[in-house]
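Here's the structure we're looking at; comments come further down.
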Amino acid sequence: MIASVSINSHRLLRRLRDIMGGADLSSQNKLDLIVKLIAADMSAEVCSVYLMRGGMFLELFASHGLNPHMVHRLRLDMGEGVVGDVAANSRPLVLSDAKSHPSFKLIPQADEEKLTSFMAVPLNRGGKVMGVLTLQTLKKRIFSNEEVEILQTIAMVLAEMIVAGELINQNEFHIVGGSDSHSLKLTGISLNPGLACGTAVLHHPHIIVKQIISEDTHAELTRFDQAVQSMQASIKALFSKSCLQNTQHREVLEAYEMFAHDRGWLTRIKRLIETGLTAEAAVQKVQRDLRIQLSHANNSLLRDRLWDFEDLANRLLHHLFGEKEETDRETHKHEEERIIVVARSLGPAELLEYERYGVCGLVLEEGLQTAHVSIVARALDIPVVSRISDVLSKIEPGETVLVDGDAGVAILRPDSRALMNFESKREYFSKRRFMAQKVRGQPAVTLDGIEIDLHLNAGLLIDLEHLKPTATKSVGLYRTEIPFMMHYEFPTLETQVKLYSELIQAAESRPIVFRTLDIGGDKILPYLRATEDENPVLGWRAIRIGLDRPMLLRQQLRALVQAASKKELHLMFPMVAEVEELLEAKHLLDLEVERARKHNKQALPSSFKVGVMVEIPSLVWSLSSILSHVDFVSLGSNDLSQFFFAADRTNPNLADRYDVLSPVFLDLLGHIAKTCEAAQKPLTLCGEMAAHPLEAMALLMSGYRSLSMAPSCIGNIKLMIRSLNLGSAIEYFQTIRKKTKKTLRQDLSNYAKDHGIIY
Ligand code: PEP
Ligand code: MG
């Protein structure tokens, strides 16, 4: 016999409101009464509320009918059991026989054995699941649509109460179930290496604008002008106190200051004030419009810049209110503890503010290497992990967070084991750093006397300062798009000539391999209109843009030819997929050389060395034919592995899926090295692989003798090289390289350990 019941929903909601309003009841008491009331009115033996904790698991917060001992003890992962299923899918589930559902999981300690039917709805707010409200019955029952709707209405009311802190007071919400807190690993990408441990401070400056309509437009405009002036002055003061004084960092801060004076932005706000809004409402309206634009921009660089505007808008609001910002960081200013700032994203000025409150790490949802906040974090030596989705709902204020900027992970509520590992890793790294520093300027020679050529990857003038202290031979990869990304309009010929001349001068007599613009994909210049590619990484980018817009590439080549007067010019072309593309690019270079010969006052470069980047698999198959057209080859392992495995290199979900140390990828690299050697064409590997000691060791074993990497990695790579007997290592490698397995990482790391190789 299947039961069904009818419910007086108005009465139920009225009673619910009475309980909520009960001033002398604790929040737990209210919740206990609510589940009891729902169970009685909806004729169910069990009614329970599970709330999301730490954004990742559901905790039983109250139940009428389940074993009371399990309240605050029973925890389910997202997707675990039918309750977890409701949360994971964020939709109601109605089951006349719960046990037949594939996700069903019996929790015997909860006294669930005899229960049959099940109905649950998610507690949603702002599109996020905050918990689950469930009903269970002993007898088999078919819940009606009307009952589902009633439960959903109750869930809506509960969710509002939770958010408002009325039902569960916020402190209680954080500490309930405290002692055996679950440690949680959040995987993202590294924006800056290093290790940090601290207390989470959530950065979401919510500023409530109460008055929307102004009473006196003229007075509002005056108030606005005054606030803008005081904001500009305070930014100036903040930056002048900052320790960031080198060229690149000043550029970042100046760009931010430029935004603070941006006429377009300020005029947009003024127009709205003129239509009758208060200054605050107008600032917030423009901020919201920008945010909408931001969420639709699939161009990360543009998004990075829009975050600067977010930062500014919040700052301006505080100046309008004429009060100091009340954020979590204020509560930390007297405390000794170090803080980890958790944010969707931060502006560079906000990070500098947090610096005063002892920020030691950042965990972000948005942001790439090019974001201003990343550049400032690198300057301040603050580890940053980014691209953790929905981060603000996963971490709660006051929780302990470990930031592992090397691995690109944040560990939440670390247990004692995680803390111990962290401490030993920190100790190990500081020793390592000391050792690496010591060998930084030493020759890169293996124990058996084989010299390895090390070069630097650079993108800014300042990077070249590392050439001498690292005793590196050249700039193996100069990414010309980086200075372009720092500008707000296309650099003129003069600007480019000046920049390249300064670089050549700074390198003294060492060569610089200039890679022509590698824009497109993720590296879009805000001032260059790009096509709306469905698949930007596989789209109109790098050399493809250069060949389709030859004047753009020719202007860059013109600047390089001019800047390298009387010097050897090393040039290479990125993302070449077929020989013809290289030939076309070389033809443009010829045209520019011819032009310079005719028109330039200064002499031509003394010679030209033209190279190609091997980073698209199709080129590996035309390697022999392309080699006759180039003087050297540079292997971009970042893109080559991305296209080889068809795995987006910026997607954290794929970060551990494929390994560059897989026998197949190493085989491909070995083939490239052999082909270049046979053709006597110098080959350098300039992707991330060269920067990690174990990977670099595998490269040496595969025939590579020239590696280019970021300046900070040179010391570690030298430690590995100087502790390696390459002859014996190659012999060992021959025995494992054809293994059919996912990766050789473990074999290589065992070998390194057994042979005292520092990696
Ligand atoms: C590469 O792809 O390995 C490379 C060095 O180029 P980039 O990382 O700039 O794409
Ligand atoms: Mg590349």
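Brief remarks follow.
- Between the helical axis of 217-241 and the longest alpha-carbon principal axis of the chain there is an angle of about 50 degrees.
- For region 9-172: rounded, prolate or oblate by the Cα gyration tensor [a/c cutoff 1.5]: rounded
- Across all directions, the shadow cast by the convex hull of region 440-754 built on its C-alpha atoms averages 16.1 square nanometres.
- Largest accessible area first, the listed residues T267, T684 line up as T267, T684 when surface is computed with a 1.4 Å probe on the assembled protein chains.
- Ignoring aspartates and glutamates fewer than eight residues from K739 along the same chain, the ones with Cα atoms less than 15 angstrom from its Cα are D659, D667, E731, D747.
- Computed from the Kirkwood radius of its Cα pairs, the Stokes-Einstein diffusion coefficient for region 41-88 at 4 °C and 1.567 mPa s stands at 117 µm²/s.
- Modelled spin-label separation between T222 and W540, with each label point placed 7 Å from Cα along the Cα-to-Cβ direction: 5.2 nm.
- Close amide H contacts of L58 (hydrogens built in the peptide plane, cut-off under 5 Å, sequence separation of 5 or more or a different chain): R53, L76, D77, M78.
- A dipole drawn for the chain from +1 and -1 charges on Cβ atoms has a positive end, and of S96, L306, S230 the residue lying farthest that way is L306.
- In nm, spacing of pseudo-spin labels at N638 and Q437 (7 Å Cα→C-beta vector): 2.7 nm
- Cα long-axis angle, helix 300-321 against the chain (0 to 90 degrees, to the nearest 10): 50 degrees
- Amide H partners (placed H, <5 Å) of V614, local residues excluded: S634, L635, G636
- FRET E, pair A646, W621, Förster distance 22 Å, beta-carbon r, rounded to 0.05: 0.85
- Length available on full extension from T116 to H101: 0.36 nm per residue minus the Cα-Cα distance, which gives 4.3 nm.
- Taking only protein heavy atoms and a 1.4 Å probe, the accessible area of the chain is 51% carbon and sulfur.
- Rounded if a/c under 1.5, otherwise prolate or oblate - region 600-759, Cα gyration tensor axes: prolate
- Each residue of the chain gets 201 Å³ once the volume of the Cα convex hull is shared out per residue.
- Around the amide H of E399, modelled in the peptide plane, lie the amide H atoms of A200, all under 5 Å away and 5 or more residues distant in sequence or on another chain.
- Mean residue ellipticity (222 nm) of the chain, computed from DSSP H runs ≥ 4 via -39,500 (n - 2.57), nearest 500: -14000 deg cm²/dmol
- Given R0 = 22 Å, the distance between the Cβ atoms of E677 and S728 translates into a calculated FRET efficiency of 0.60.
- Cβ-derived FRET efficiency at R0 22 Å, R11 paired with E149, nearest 0.05: 0.90
- For the residue pairs K468/K567; K674/K753; K394/K742; K498/K598, the alpha carbons lie more than 30 Å apart in K394/K742.
- Against the main long axis of the alpha-carbon atoms of the chain, helix 416-439 sits at an angle near 10°.
The values are calculated or read from the model by the stated rules, or taken from the named source; none is laboratory data. Since the structure is predicted, the reported quantities are computational estimates derived from the model, not experimental observations. A quick note on method: Cβ atoms are made from the backbone with ideal geometry, for glycine too, and the neighbour counts reach across all protein chains shown. Note: accessible area is taken over every heavy atom of the protein model, side chains too, but ligands, DNA and RNA are not part of it. Shrake-Rupley method; radii C 1.70, N 1.55, O 1.52, S 1.80 Å.
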